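**Q** Take this structure first; my questions come after.
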Amino acid sequence: MNMIVCADSRWGIGKKGELLVRIPADQRMFREHTVGNVVLGGRKTMEGLPGKMPLNGRVNIVLTSKKGYTFGDAVIVHSMEEALLELKKYEEDRIYIIGGGKVYQEFLPYCNRVYVTKVDYQYEADTFFPNLDKSDEWVMTHDSEEQTYYDLEYYFTIYQRRDG
């Protein structure tokens with residue numbers, strides 16, 4: 001299973017339910033990885049998607065405690081257990097966890113790869129991703145050349161879970 005996230009220099013990922021920054025190349029990379037695959041996100045994350053609709057060309061799974069909730073043609077699950085059962089229908093490499101903060105924390109133990117767009121800037125954030133650089137369980141296996149969007153510098157990185 002994979003995760004995909006954009007984080008600032010303190011691993012901040014959001015504030016008041018919104019992304020900290022929108023970088024077109026990051027959005028392109030997200031699309032390239034997830035089209036034709038499975039995305040799982042929490043209700044607020046999914047409702048924050050463009051057009052407030054499920055992502056086209058993907059199987060969308062929404063994790064929410066709200067009973068009777070619907071979101072377009074998305075599959076709705078109400079617990080971690082139900083989510084993990086639903087995800088067993090798909091190849092692990094095709095699954096992408098897309099947030100938010102609580103969903104990332106709950107699913108991190110089940111993931112083997114995390115795609116992180118690291119933004120070299122510190123935003124005012126209220127939601128954070130676990131700092132993989134300080135974890136013995138994770139190692140960065142890819143770090144792109146410096147990218148820029150106006151005066152913002154960022155990097156595309158990949159973290160892999162260490163074996164054993």
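The values are calculated or read from the model by the stated rules, or taken from the named source; none is laboratory data. Computed from a predicted model, the values in this text were never measured in an experiment. Surface accessibility is based on the protein's heavy atoms, side chains included, excluding ligands, DNA and RNA. Shrake-Rupley method; radii C 1.70, N 1.55, O 1.52, S 1.80 Å.
**Q** Over the chain, with the other protein chains present, what is the accessible area per residue in square angstrom, probe 1.4 angstrom?
**A** Per-residue value: 57 Å².
**Q** Can you give the translational diffusion coefficient of the chain in µm²/s, computed by Stokes-Einstein from the Kirkwood radius over Cα pairs at 4 °C and 1.567 mPa s? Write out the running numbers ahead of the final one.
**A** Values: Rh = 16.2 Å.
Diffusion coefficient, whole number: 80 µm²/s.
**Q** Taking the convex hull of the alpha carbon atoms in the range 29-76, what volume per residue do you get, in Å³?
**A** Once divided by residue count, the hull of the range 29-76 is 67 Å³.
**Q** Okay, moving on. Just the projected area, averaged over all directions, of the convex hull on the alpha carbon atoms of the range 125-164: how many nm²?
**A** 3.9 nm²
**Q** In the Gaussian network model of the chain, springs joining C-alpha atoms below 10 Å, which of G12, G100, G51 carries the largest mean-square fluctuation?
**A** Result for the chain, Cα springs under 10 Å: G51 fluctuates most.
**Q** Out of all Cα-Cα pairs in the range 46-116, roughly what percent, to the nearest whole number, are more than 14 Å apart?
**A** Value for the range 46-116: 62 percent of Cα pairs lie more than 14 Å apart.
**Q** On the protein heavy atoms, probe 1.4 angstrom, tell me the percent of accessible surface of the chain carried by carbon and sulfur.
**A** Carbon with sulfur: 47 percent of the solvent-accessible area.
**Q** Could you give me the ³J(HN,Hα) list for the range 150-162, computed from phi with Karplus coefficients 6.51, -1.76, 1.60 and θ = phi - 60°, whole Hz, x at Gly and Pro?
**A** 6, 9, 8, 9, 8, 9, 8, 10, 10, 10, 10, 5, 5
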